[in-house]
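The values are calculated or read from the model by the stated rules, or taken from the named source; none is laboratory data. Predicted model, so just to flag it, every value in this text is computed and none were measured. Ideal geometry is used to build each Cβ from the backbone, glycine not excepted, and the neighbour counts take in all protein chains shown.
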Amino acid sequence: MNQRQPNAKNYRPNVNIADLCCDWIPDLFLFIRSVCFKLVFMEKIKIALFGFGTIGTGVAKILFNHADRVAQATGQTVELARICDKDITTRRDIELPSGVLCSNLESVFSDPEIKIGIELIGGLEPARTFVLRLLEHGKDVVTANKALIAQHGNELFAAARQFGRTIAFEAAVCGGIPILSALSTALQANTLQSINAIVNGTSNYILSQMEGGKTSYRDAVLQAQQLGYAEANPAMDVDGTDAVQKLTILAQLGFDADVAWQSVPRMGIESIESIDFRYAKELGYRIKLLAVAERSSEGLELHVSPTLVKADNPLAGVRDAFNAVKVVGDSVGSVFFQGLGAGQLPTASAIVGDVIDTILGRTAITFRTLNLWNSDKPSIAIKSPNEFFGKSYLRFSVQDQPGVMHEISGVLGNWGISIASMIQHEPENKTDNKSAVLILTTHEAREGDLLEAINQLEQLHTVHGNVVRLRVQN
Ligand SMILES: NC(=O)c1ccc[n+]([C@@H]2O[C@H](COP(=O)([O-])OP(=O)(O)OC[C@H]3O[C@@H](n4cnc5c(N)ncnc54)[C@H](OP(=O)(O)O)[C@@H]3O)[C@@H](O)[C@H]2O)c1
């Protein structure tokens, strides 16, 4: 032991009060001066929140409980002055100062002291009208509403430009993952080649549960609802609508694509069964609901579909309610983002980040330079779905009799589709010796030809019911 080190037990610091005062008094003086300066000169930014539900409560928690953090980030006092909701009587998970809750929305729209409005009521109307009213009254807007942005982006962004205001919407895609910020700023030096993303946490949770083989689709949906991941009506999560809306927002930022979300081909996860996970595993894949934007010389390919993803692809390892985005740019190469795409605080984190950026003027810079949802701006050509090229996984329930394979391969061959692999196992149900499950994977084929071939295959009397088709990606 170093002899100069005093024994901790007997150690008495040699304190000289005069020295201590000399050290501390200037710091104390600076501290008091800075507090007084802030109290007198620091501007107070008042903001209003519309929709005191799950996410609204999270935003209020951050803004009230971490006001110091927000003040430090902005250099200003940020006051959540008004929270508007249809219901201002139900107790929420946070104590609010009196007078903050209000139901008179008009008084908030027209309050000149409110500088930023946060829209968190969700859906299209009256959210659209609220956002327009805020912009008309000279307020900047922050929203987490992907449906609103995907549906009315052109109208809302035109209004924001007209009134010299901004709209920030980081939380609308992948909740807490700062993917829109990355696309708008740090990745701007790139021409993007592709975005492959898991953007719907509910469907990813359902697929993850089914993967084990013990949970049916129906039970997985129920579990997702019990855990608060899925809505009472989870249709828009499982049929791919939510993912397509988010994909069109990513495509607008990453590729200058002005595309109506309704025109993007989508398949949901409703027709996937436990056996598909078994066959996918046997082939070396996992099944994910992928949102894909891929640039080629013919334009941008956009689609959302359940996809067999190679087991060693990082997207294959994204489980439960997590989201992930893989972006490939010409300079940066491949970058991967992963995190919670939903939930109260992860989503609120993105919203408060947008509030801070709006106050600091960062939003105004990207808003002006990116010029999003402007129909006057040239948009990348969107590739016709029939012209997509890709590999597929096809599951058939077929008559278990000689010649069936010959018939199926004949139809595929007529459309120029070549088979890459085939699996048929002994039926598990020994009493059913009439039908069998047949799995085929194809080499790259033109989408239009594949859809025609599937249509013809479903007419064959040896093929029972619909053919289940998933995309295959390496
Ligand atoms: N939940 C997530 O994890 C998540 C993640 C990312 C983005 N988002 C987005 O965030 C937004 C809010 O989602 P949320 O989960 O917080 O929804 P939520 O829990 O349903 O909250 C919405 C709130 O707005 C209120 N409201 C509805 N219409 C209103 C009106 N006309 N005037 C005033 N208040 C009204 C609702 O009241 P009632 O309940 O009485 O109708 C409810 O309290 C949505 O756009 C959603 O897509 C959510």
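Evaluated against (1) outside any helix (DSSP H, G or I); (2) among the hydroxyl-bearing types (Ser, Thr, Tyr); (3) farther than 30 Å from residue 210 by Cβ; (4) in contact with a strand residue (DSSP E or B) (Cβ under 7 Å, 6 or more places away or on another chain), residue 392 falls short on exactly one condition, (3). Among the residues examined, residue 322 qualifies as at pLDDT 95 or above, closer than 17 Å to residue 201 by Cα and within 16 Å of the ligand (Cβ to nearest atom). Considering the conditions (1) outside the structural domain of residue 240 (by TED's automatic domain parsing); (2) more than 11 Å from the ligand (Cβ to nearest atom); (3) among the hydroxyl-bearing types (Ser, Thr, Tyr); (4) within 17 Å of the chain's Cα centre (by Cα), residue 205 is excluded by exactly one of them, (1). Please work out if residue 88 is within 14 Å of the ligand (Cβ to nearest atom) and among the β-branched types (Val, Ile, Thr). Criteria met by residue 88. Just a yes or no: is a residue in the range 335-357 without any contact (Cβ under 8 Å) to a residue 40 or more places away in the chain, away from the ligand (no atom under 16 Å from the Cβ), closer than 14 Å to residue 166 by Cα and of a type in the set (A, V, I, L, M, F, W, C)? For the range 335-357, residues without any contact (Cβ under 8 Å) to a residue 40 or more places away in the chain, away from the ligand (no atom under 16 Å from the Cβ), closer than 14 Å to residue 166 by Cα and of a type in the set (A, V, I, L, M, F, W, C): absent.
Of all residues in the range 111-132, those satisfying the criterion of being more than 9 Å from the ligand (Cβ to nearest atom) and under 20 Å from residue 358 (Cβ atoms) are 111, 112, 113, 114, 115, 116, 117, 118, 128, 131, 132.
The residues in the range 98-110 that are small (Gly, Ala, Ser) and more than 14 Å from the ligand (Cβ to nearest atom) can be counted, and the count is 3. Scan the range 226-241 and tell me whether some residue there is touching a strand residue (DSSP E or B) at 6+ places or on another chain (Cβ under 6 Å) and either of a type in the set (A, V, I, L, M) or assigned to a helix (DSSP H, G or I) (or both). The answer is no, given that none of the residues of the range 226-241 is touching a strand residue (DSSP E or B) at 6+ places or on another chain (Cβ under 6 Å) and either of a type in the set (A, V, I, L, M) or assigned to a helix (DSSP H, G or I) (or both).
Residue by residue, here is whether (1) of a type in the set (Gly, Ala, Ser); (2) in a strand (DSSP E or B); (3) away from the ligand (no atom under 16 Å from the Cβ) holds:
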residue	(1), (2), (3)
257	yes, no, yes
275	no, no, yes
279	no, no, yes
286	no, yes, yes
294	no, yes, yes
302	no, yes, yes
307	no, yes, yes
326	no, yes, yes
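Among the conditions (1) part of a loop (DSSP other than H, G, I, E, B); (2) within 16 Å of the ligand (Cβ to nearest atom), the only one that residue 80 does not satisfy is (1). For the range 218-243, the candidate set comprises residues that are surrounded by 13 or more Cβ atoms within 10 Å (Cβ to Cβ) and polar (S, T, N, Q); within that set, the residue that is modelled with the highest pLDDT is 241.
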